[in-house]
Amino acid sequence: MKVEFGEIKCNFGEIRLLPESIDDLWHLQHLIAPGDLVFATTFRSVDAANDKIRPEKTEKRPVRLGLRVDRLEFSEHGIRLRLTGLIEHGIDTGAFHTINVETGYEISVIKQWRPLDLERIERAKKASVYGVIHILTVEEGEAELFRLRQYGPESAMTITAGSGKGAETESRSSFFEQVMSAIADISGPLIIAGPGFIKDDFVKFAKNRNSSGADRAIVVETRRIGRGAVQEVIGRGALDKLIGDLQLSREVRMMDEVLRRIAQEGAVAYGRMEVADAIGFGAVEQVLIADTLLRDPEIMALIETAEGMRADVVVLSSAFEPGERLTALGGIAALLRYKM
């Protein structure tokens, strides 16, 4: 995400944002809320007044509008964020309009910025430097390639070898060739994971054929393949070797710690009531919140109180397994300084 700060006073003001990837659009979904003012160049139907023969004819022209957001909708498959609301600045003031925000489309947002918002912006800026991380999971006769988005893993390709008997070595070589072709165009970081020796055999095969992807890949031992292997890779900190403190890695570790303390009846609270009580006693060290609750006024009031006590706040993606686990616990949990 490219970011340019305008005039900001007391955390209120304008920030210009240019999303560069689908991850950035996902971040914008959580940065923009109903009531925010968004400026963008968009297309609006304008009457062709000089067309006397066809007075009903209209054409769409690029115009700069200021939209007071009423609702927003994100589609990871459509790769766009739809912002709908009333026009406050520009032509047709008072009319409803929808802005389709896509990658490479600059918008300006004017609002009261929360510390959580600014932290998310910095995270998006940092992530854009490294590009998309890919994780290839490999087992005998089966491989799956994932793009690691900031909202979770996205399956990019699945490859399976034929199940026929005979010519086993030749069949494996053909399978490896297909997998090698799948990673040929990957320019960003790559992790190759899986159980047993098959992943190591593939890496050796690919290196012997001068595969640049295999040469720079990190190899990780996992018990599973597919999404389960991606979860293990993140949980073991392999991503930190690539880009440091990646948010998803942090989410996995923290959620594992929450579940461990729950199992041991340790210093932890979960659910609205328990977390609210812990915050009231000043016992909270870190708060975990599912991104689906960021529009909840009651929850945000709790978060602001916790931040006032210098508690660390971590927002978990509900589209990824740690966020799903947190949602099952009520969407909010806290690691405590002491057991209550």
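The values are calculated or read from the model by the stated rules, or taken from the named source; none is laboratory data. All of these numbers come straight from a predicted model, not from anything done at the bench. Backbone-built Cβ (ideal geometry, glycine too); neighbour counts: all protein chains shown. Side chains included, ligands, DNA and RNA excluded: accessible areas come from the protein's heavy atoms. Shrake-Rupley method; radii C 1.70, N 1.55, O 1.52, S 1.80 Å.
Just a few scattered comments:
- Some residue of the range 259-269 being surrounded by 16 or more Cβ atoms within 10 Å (Cβ to Cβ), small (G, A, S), without any contact (Cβ under 8 Å) to a residue 60 or more places away in the chain and touching an Asp or Glu at 6+ places or on another chain (Cβ under 9 Å): no
- Search result, residues across the range 181-218 that are over 19 Å from A161 (Cβ atoms) and buried (at least 17 other Cβ atoms within 10 Å of the Cβ): I186, P189, L190, I191, G213, A217
- Considering each residue of the range 226-239 in turn, none proves to be in a loop (DSSP other than H, G, I, E, B) and modelled with pLDDT of 85 or more.
- Residue in the range 190-198 that is modelled with pLDDT of 90 or more and part of a helix (DSSP H, G or I) present: yes
- With respect to the stated conditions, T158 is among the β-branched types (V, I, T), on the phi < 0 side of the Ramachandran plot and either open to solvent by 60 Å² or more (accessible area, probe 1.4 Å) or at pLDDT below 90 (or both).
Conditions tested, residue by residue: (1) within 25 Å of the chain's Cα centre (by Cα); (2) over 22 Å from G13 (Cα atoms); (3) in a strand (DSSP E or B).
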{"position": "K60", "(1), (2), (3)": "no, yes, yes"}
{"position": "D70", "(1), (2), (3)": "yes, no, yes"}
{"position": "T84", "(1), (2), (3)": "yes, no, yes"}
{"position": "V109", "(1), (2), (3)": "yes, no, yes"}
{"position": "L118", "(1), (2), (3)": "yes, no, no"}
{"position": "I121", "(1), (2), (3)": "yes, no, no"}
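Matching residues to (1) in contact with a Cys (Cβ under 6 Å, 6 or more places away or on another chain); (2) on the phi < 0 side of the Ramachandran plot; (3) modelled with pLDDT under 95; (4) not aromatic (F, W, Y):
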{"residue": "I53", "(1), (2), (3), (4)": "no, yes, yes, yes"}
{"residue": "K60", "(1), (2), (3), (4)": "no, yes, yes, yes"}
{"residue": "F74", "(1), (2), (3), (4)": "no, yes, yes, no"}
{"residue": "I91", "(1), (2), (3), (4)": "no, yes, yes, yes"}
{"residue": "N100", "(1), (2), (3), (4)": "no, yes, yes, yes"}
{"residue": "V109", "(1), (2), (3), (4)": "no, yes, no, yes"}
{"residue": "E119", "(1), (2), (3), (4)": "no, yes, yes, yes"}
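- The range 199-224 - residue that is among the basic types (K, R) and outside any loop (DSSP other than H, G, I, E, B) and, of those, modelled with the lowest pLDDT: K207
- Just one of the numbered conditions (1) open to solvent by 50 Å² or more (accessible area, probe 1.4 Å); (2) under 17 Å from R250 (Cα atoms); (3) part of a helix (DSSP H, G or I) is not true of L326: (1).
- Of all residues in the range 249-275, those satisfying the criterion of being among the aliphatic types (A, V, I, L, M) and either in a loop (DSSP other than H, G, I, E, B) or more than 18 Å from V230 (Cβ to Cβ) (or both) are V258, L259, I262, A263, A267, V268, A269, M273, V275.
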